[in-house]
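Engineer: Sharing a structure below in C-alpha cells format, with a few things to ask.
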Amino acid sequence: MSTEEQKEEAIRYFKQAYELQMKGQLEEAEAMYKKSIETYATAEAYTFLGWTYSFMARYDDAIEQCHMAIEIDPDFGNPYNDIGAYLIDKGMLDEAVSYLEKAIKASRYDSYCFPHFNLGRIWERKGKWFKAIEEYQLSLKENSKYTLAAEALNKLQAKMDGQGTAPLDIS
C-alpha cells in the first residue's frame, strides 16, 4: 500500500472513530483511533485518542497521547491546550500554564479561544481575578460566540460587583 493510500485509510478510520466518540461509544472509538494511528500516525489521531481517554477520566493516558501528537507535529496547538485542560482537571494548575501558553503560540491552531479560556479558569481559581478577566476577554476576542467564556466572564464580574470592590490582585 502506498503512503497516500495509507493516509486515506487512516483518515477513514479517524472519521469513524470520531463518529463513535460523539455517540459515546468510547471503547470502540479508542480501537478505531488506534487503527488510524497504526495505519498512518498523525498528530490529530493521537490528540483525539487522548480526548477519548479524557472522556473516560483517564487523564494520564490522555496526556501521554498528546505528547505523542506533539512529537509528530510540535506546531499543532490542540495537544498543548488539551494537556493544559487535563492538568486543570487533575488540579495541577501551575503545571498547566506553560502548556496553555504554548497552545497560544502554536502556528497550527484554529481555536485560540480555548487556551485563553483555560488560562482564565486557572487565574480565577487562584484568585487572580483581573488576569482571569483579561483571559476571558481574549478568549471572546478570538471567538465572540464562545458561550463558556462569556458566561465565565459575566459570572466573575458579577462576583466582583457583589463584593463592592475587586479582590486584591497584585499580579
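The values are calculated or read from the model by the stated rules, or taken from the named source; none is laboratory data. All figures in this text were calculated on a predicted structure; none of them were measured in a lab. Glycine gets a Cβ as well: all are built from the backbone with ideal geometry, and neighbour counts include every protein chain shown. Just so you know, the surface numbers come from the protein's heavy atoms only, side chains and all, with ligands and any DNA or RNA stripped out. Shrake-Rupley method; radii C 1.70, N 1.55, O 1.52, S 1.80 Å.
Engineer: Using the Kirkwood radius over C-alpha pairs as Rh, can you work out the diffusion coefficient of region 99-158 via Stokes-Einstein at 4 °C, viscosity 1.567 mPa s, in µm² per second?
Structural biologist: Answer from the Stokes-Einstein relation: 116 µm²/s.
Engineer: Here is a further query. For K102, list the lysines whose Cα falls under 28 Å from its own Cα; do not include residues on the same chain fewer than 8 positions away.
Structural biologist: Straight-distance partners of K102: K7, K15, K34, K90, K126, K128, K131, K141, K145, K155.
Engineer: A further question follows. Just to check I understand the Karplus step: with θ = phi - 60° and J = 6.51 cos²θ - 1.76 cosθ + 1.60, what whole-Hz values come out for region 147-156, glycine and proline as x?
Structural biologist: Couplings: 5, 4, 5, 4, 5, 5, 4, 4, 5, 5 Hz.
Engineer: Enumerate the calculated ³J(HN,Hα) couplings along region 90-99 in order (Karplus 6.51 cos²θ - 1.76 cosθ + 1.60, θ = phi - 60°), each rounded to whole Hz, writing x wherever the residue is Gly or Pro.
Structural biologist: The phi angles translate into 7, x, 9, 5, 4, 5, 6, 4, 5, 5 Hz.
Engineer: Quick one: which residues, 5+ away or cross-chain, put their amide H under 5 Å from the amide H of G77? H built at 1.01 Å from N.
Structural biologist: R108, Y109
Engineer: Please build a GNM for the chain, connecting alpha carbons under 10 Å apart, and tell me which residue among Y80, Y59, Y146 fluctuates the most.
Structural biologist: Y146
Engineer: Same structure, new question: Taking only C-alpha pairs under 8 Å that are 6+ residues apart, what is the relative contact order of the chain in percent?
Structural biologist: After rounding, I find 12 percent.
Engineer: If the chain between D89 and K155 were fully stretched, how many nm would it gain, using 0.36 nm times the residue separation less the Cα-Cα distance?
Structural biologist: Result for the pair: 21.8 nm of gain on full extension.
Engineer: If you count only protein heavy atoms and use a 1.4 Å probe, how large is the accessible surface of L119, to the nearest 10 Å²?
Structural biologist: Here the residue's solvent-accessible area equals roughly 10 Å².
Engineer: At a 1.4 Å probe, what is the % contribution of carbon and sulfur to the accessible area of the chain?
Structural biologist: Exposed carbon and sulfur together represent 50 percent of the surface.
Engineer: Karplus couplings for region 62-72 from phi (6.51 cos²θ - 1.76 cosθ + 1.60, θ = phi - 60°), rounded to Hz, Gly and Pro as x?
Structural biologist: Along region 62-72, the couplings run 4, 4, 4, 5, 5, 5, 5, 4, 5, 4, 6 Hz.
Engineer: Once every DSSP H run of n ≥ 4 in the chain is given -39500 (n - 2.57) and the sum is divided by its residues, what mean residue ellipticity at 222 nm do you get, rounded to the nearest 500 deg cm²/dmol?
Structural biologist: Result for the chain, helices only: -24500 deg cm²/dmol.
Engineer: Taking the Kirkwood radius as the inverse of the mean 1/r across Cα pairs, report the Rg/Rh of region 36-79. Spell out each step's value before the answer.
Structural biologist: On the way: Rg = 9.5 Å, Rh = 10.0 Å.
Checking Rg against Rh, the ratio lands at 0.96.
Engineer: Can you give me the accessible area per residue for the chain, using a 1.4 Å probe, in Å²?
Structural biologist: 55
Engineer: For the chain, which semi-axes, largest first and in whole Å, follow from the square roots of 5 times the eigenvalues of its Cα gyration tensor?
Structural biologist: Its equivalent ellipsoid spans semi-axes of 35, 15, 14 Å.
Engineer: Percent of alpha carbon pairs in region 26-106 separated by more than 16 Å?
Structural biologist: 46
Engineer: Just in region 2-106: which trypsin sites (Lys or Arg not before Pro) are loop by DSSP and have at most 11 other Cβ atoms within 10 Å? Intermediate results must be reported in sequence, preceding the final value.
Structural biologist: Working: sites: K7, R12, K15, K23, K34, K35, R58, K90, K102, K105; in loops: K23, R58, K90.
Sparse-neighbourhood loop trypsin sites (Lys or Arg not before Pro): K23.
Engineer: Can you give the extra length, in nm with one decimal, that the chain gains between H67 and M1 once fully stretched, where that is 0.36 nm per residue apart less the Cα-Cα distance?
Structural biologist: Answer, rounded to one decimal: 21.0 nm.
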